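First up is the structure itself, then whatever we jot down about it.
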Amino acid sequence: MAREFSAEAKRKLNEEILPEYPNKQSALLTTLWLAEEEFGRVDREAIELVARELELSPAHVYGVFSFYTLFRQEGQGHYVLDVCATLPCALRGAREIVHHLEERLGIKVGETTPDGIFTLRKVECLADCDQAPMMQVGEDYIRNLTTESVDQLLDELRTKAAAATS
């Protein structure tokens, strides 16, 4: 059976989201956000659901979805560590931060830790260059990174993840 939105999500889509746009295709990003909110991440079934709801091809929805790094994807860790890799961050130590994260987590960029807690990615500009190097974790920006602040953050996130699963 195909995945469906809950009654509340369906109401939100039809009464709040779609009326804000000139056509259904224009509501694609917002509907993908709704799917992520509803299911915790966007997987193949969620893409097919969004395509049905907006009367678009699944290939079109996937093309838009895969272009953006902001959606939680299947196979990603509980925390996605997006380290800015543009020039200002690179000049202020982002490469060293990425290397430290790889060493500390035992993974390379693009991989997820075996325990499923962390996924490490390099991304383009997070638009906070004056506080580089920086990374985004969920909706939070972590600025002026040092190896010490990264270690502290990882410890805090591991503690939160352990508490959430117990």
**Study point:** Phi to ³J(HN,Hα) by Karplus 6.51 cos²θ - 1.76 cosθ + 1.60 over segment 130-146, Hz, x for Gly, Pro
**Key:** 6, 10, 6, x, 8, 8, 10, 10, x, 9, 9, 9, 10, 10, 6, 5, 10
Study note, to complete from the structure: Excluding residues fewer than 8 positions from K108 in its own chain, the lysines with Cα under 25 Å of it are K122, K160
Exercise for review: Give the Debye-formula value of log10 I(q)/I(0) at each listed q (0.14, 0.29 Å⁻¹), with one equal scatterer per alpha carbon of segment 104-146, two decimals each.
Suggested key: -0.37, -1.08
Check your understanding: Gain in length, E45 to E124, computed as 0.36 nm per residue apart minus the alpha-carbon separation, to one decimal in nm?
Key -> 25.6 nm
Revision key, fill the gap. From the Cα centre of segment 13-29 to that of segment 49-118, the distance in Å is 26 Å
Review point. If the viscosity is 1.002 mPa s and the temperature 20 °C, what translational diffusion coefficient in µm²/s does Stokes-Einstein give for segment 79-165 when Rh comes from Kirkwood over Cα pairs?
Key: 167 µm²/s
Study note, to complete from the structure: Cross-link reach from K10 to lysines, straight Cα distance under 22 Å and at least 8 residues apart if same chain, gives K24
**Study point:** segment 7-67 - percent relative contact order, Cα under 8 Å, separation 6 or more
**Key:** 29 percent
Review point. Rule-of-thumb check for the chain: C-alpha Rg over 2.2 N^0.38 Å?
Key: 1.17
Revision key, fill the gap. Dividing the surface of the Cα convex hull of segment 7-67 by four yields a projected area in nm² of 3.7 nm²
Exercise for review: Would you kindly enumerate the cysteines in the chain that have no other Cys beta-carbon under 4.7 Å from their beta-carbon?
Suggested key: C125, C129
**Study point:** Inter-label distance for R95 and D151, nm, one decimal - labels placed 7 Å from Cα along Cα-to-Cβ
**Key:** 2.3 nm
Point to revise | Extension reserve of the Y62-A7 stretch, reckoned as 0.36 nm per residue once the Cα distance is removed | key: 17.4 nm
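Here, each number is a calculation from the coordinates, and none is a lab measurement. The structure presented is a predicted model; accordingly, all values stated were derived computationally and were not measured. Positions of Cβ are backbone-derived with ideal geometry, glycine not excepted, and every protein chain shown enters the neighbour counts.
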